[in-house]
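What follows draws every value from the coordinates through simple rules; no lab data is involved. Everything quoted here is computed from the prediction, not taken from an experiment. As a convention, Cβ positions derive from the backbone with ideal geometry for all residues, glycine included, and neighbour counts pool all protein chains shown.
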């Protein structure tokens, strides 16, 4: 019996992949259209917005800016989130730039030995968020045609991630819990950027940023096709269930569908949950970055479930007290 169980487990992914390939052939017309849409989304929206930020944040990691952040925010980050002041850098950049820049910065800071393993796990739970421009511009103004809605979603989104960060201050116990911020910086092996090594560091940063952007593009295309296959196989008549399902799979597509539903409190609360959760597509993007840096993905998964729940709760409370 145990042998059969092991055998079935070993066959699970081959069977799933074979089914996926068959579906690619059966629904080739709609899948090609979904691929084109995914590539267009990546080329026209994601790549132009993320690539400059990736290059810039990579370059910043070769400067003293992390040290400045550490000194500036150490009196806030340590008592509230139980991480060194350097953790403020991925937190701020994660909110400004959006997914998955927070994870990318954390991975870089771990590689440079500026953050400890436990600090990386605590930070990855709450520093990967939708960007300010995405929530206010894309979600609020472009999709919901309402800046007020965008502001509500932004405030509840940030409050939710702060709540998760506070909860995760108790995540594990680090053997270097009392190590100072300056000690970690002194252990860093990063070479600071200068005129003598500018070309080498810039090339390294651009190559790293391009690789990450192509990885994200692959995820976008894959999940665009996956959603297309699900739509072809399953006839989901309830638009709300369909919207929630697709939002959990891919956040941008889900929120776009939410904006097409009748505007009411329930839809806004559920939209807030999906925005806070971030979607499986983003989860796998973060996992691909975290796994290379040997950072556990468990706190991220738990953190995003909590963040979605808190965002929905805060949206409900706002609607309750303002109605």
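Structure above, values below:
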| item | result |
| --- | --- |
| Label of the coordinate-derived value, mean projected area of the Cα convex hull in nm², listed as (i) 20.0; (ii) 21.2; (iii) 23.0 | (i) |
| Angle between the chain longest axis and helix 298-322 axis [Cα atoms, degrees, rounded to 10] | 70 |
| For 213, 18, order by how many other beta-carbon atoms lie within 10 Å, fewest first | 18, 213 |
| Residue-averaged 222 nm ellipticity for the chain, from DSSP H runs of 4+ at -39500 (n - 2.57), nearest 500 | -24000 deg cm²/dmol |
| Over the stretch 31-77, equivalent-ellipsoid semi-axes from the Cα gyration tensor in Å | 37, 12, 6 |
| Folded to 0 to 90 degrees: helix 279-292 orientation relative to the chain principal axis, Cα | 40 |
| Hull volume in cubic angstrom per residue (convex hull over the Cα atoms of the stretch 20-117) | 133 |
| Reciprocal of mean inverse Cα separation for the stretch 223-315 (Kirkwood radius, Å) | 13.9 |
| Length gained when the stretch residue 298-residue 231 is fully extended (0.36 nm per residue, less Cα-Cα span) | 21.1 nm |
